[in-house]
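The values are calculated or read from the model by the stated rules, or taken from the named source; none is laboratory data. Since the structure is predicted, the reported quantities are computational estimates derived from the model, not experimental observations. Virtual Cβ from ideal backbone geometry, glycine too; neighbours counted across all protein chains shown.
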Amino acid sequence: MTMSCGKARRLLWPDAGPRAVTPEIEAAERHLVECEECRAFLEEMRHLARITHEVGPRPPAPRAVRDRLFQTVARARTGSPGAKQQAAARWAVVAATIVLAAGLAWVWGSRRAAERDPIASFADDHMRATRGEGIVSSDTAVVARWLASRLPFAMDVPTLPNLELRGARLCIMDGRRGGVVEYTAGGRSVSYFVVPSGPAVRPPARRGDDVRVASREGYHVAAWQEPGLVHALVGDLPEATLVELARLCMAKMMAFLDGPRPGREAAVTTN
Amino acid sequence: MRQTRTKRIRSAPGSSRAFEELLSEHVDALFGTALRLCGGHQADAEDLLQDAALRAFEGFASLREETAGRAWLFTILVRTHFNRARAGRRRAESVSSDLDEAAFERALNDWQPAATPEDVLSERQLAERIGAALDALDHPLRAVVHLVDVEGFSQREAARMLEIPEGTVASRLFRARRILRDRLATTARELRLWRPL
């Protein structure tokens, strides 16, 4: 063996990735065949790397950390200045009140609703919203910023034909915070929910762009999903109109992601 | 072995939703890395993660190859960390005792085999000890061993992220593994679990 163990180990270092076969590498490989200690060294390096990879610490991000992170990103997305802390604190009090009230109402309601279709909870929340508080504004940007500072995910505020933007609020479903955009249409109210998927907020059974429809006490729900989120439009508009609006929301969502797709809004009426 | 996978971004590349999907997919690993880089201090790790996420959001439109999103996010996290360390007048990217080629060969030459730690420690004990041993490593060694051994990046990827030569990554890996092994062995001996080969 003419090559030193140190040089052979450096040349055959296991993390180096693919290497050209040079005379020096060939000499190192010949050294390895004859040197048990070098074989043990390389095996031990691989072994230490393997156990560190397999059982090394990978703590998940705590939920609060995750929420704060996505709220920060959402604020950056909507251009909300981070310095508006006084306003944020004021709205935090309002939001906390809403969340508490919604939570209590949810607990009360869930006691007698174990057998319900989970989708009906959208209709319940829509009805509760007539007594709720949040932000009152017809300005899409203002509403989007309000939601962005409170939700751990991106929520679009779509402009829908014949619907007038009224404001937004938060909702709690299965302990998960969601957003609700409120509209009016000729005196009727329509709510657009976006909530994280969860055990009690199950997405529609079918995938793709299918809209699932349900009714409860005169209110219709048109719900659809994207990965991780459930969307629902709720109101007492005719079911077909609500479904058409739901499809328009989906199209707008895609347009938001892929580019504009004009020409569909005129087809929807809210009679 | 745990597998690291990179999913395709479902939303349109460059959109804010696509960014949030990418971030959501890797947020746990990024947090874990931030935690290790910050020596186990959660508040510092969260601060670093937020800073890195904002930088990534601002630069997301420049990410052309969506399958490279994971390495791109980690690169931003690591560089943000070292930029902050530099701002704190710490030379984080180089170690005075980094080994040159000859010194690396001498160190490799001196290696002595030992019993493997998982022979004597349970998986939970091992995970705790590895976490503690990682946090006790010098800063640059910790970054290298976490990126390569824990997160599974290649030596070349880690070198690009840290902006150091591959040979330096190799020598830091070796030194970090040697320290990890010695600390794990010490722990096992303290627990009277150690049995030599």
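Some values worked out for this structure:
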read-out: Selection within the range A:36-61 - buried (at least 16 other Cβ atoms within 10 Å of the Cβ) and touching a Cys at 6+ places or on another chain (Cβ under 8 Å); value: A:Cys38, A:Phe41
read-out: Scan of the range A:55-67 for residues that are outside any loop (DSSP other than H, G, I, E, B), at the interface with chain B (Cβ under 7 Å from one of its Cβ atoms) and modelled with pLDDT of 85 or more, ordered by number; value: A:Val65, A:Arg66
read-out: Residue within the range A:10-25 that is modelled with pLDDT under 90, charged (D, E, K, R) and buried (at least 17 other Cβ atoms within 10 Å of the Cβ) present; value: yes
read-out: Test result for B:His139, of a type outside the set (Gly, Ala, Ser) and modelled with pLDDT of 90 or more; value: no
read-out: Residues located in the range A:172-195, provided they are under 19 Å from A:Glu244 (Cβ atoms) and in a loop (DSSP other than H, G, I, E, B); value: A:Gly186
read-out: Residues that are within 7 Å of another protein chain (Cβ to nearest Cβ) and either surrounded by fewer than 20 Cβ atoms within 10 Å (Cβ to Cβ) or more than 13 Å from A:Pro60 (Cβ to Cβ) (or both), drawn from the range B:24-45; value: B:Asp28
read-out: Residue tally, condition facing chain B (nearest Cβ under 7 Å), in a loop (DSSP other than H, G, I, E, B) and farther than 17 Å from B:Arg177 by Cα, over the range A:4-44; value: 2
read-out: Criterion violated by A:Ala154 - all others in (1) part of a loop (DSSP other than H, G, I, E, B); (2) modelled with pLDDT of 85 or more satisfied; value: (2)
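Per-residue answers, yes or no, for (1) modelled with pLDDT of 80 or more; (2) within 24 Å of A:Pro196 (Cβ to Cβ):
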site	(1), (2)
B:Leu22	yes, yes
B:Thr33	yes, no
B:Leu54	yes, yes
B:Ala68	yes, no
B:Ala71	yes, no
B:Ala92	no, no
B:Asp119	no, no
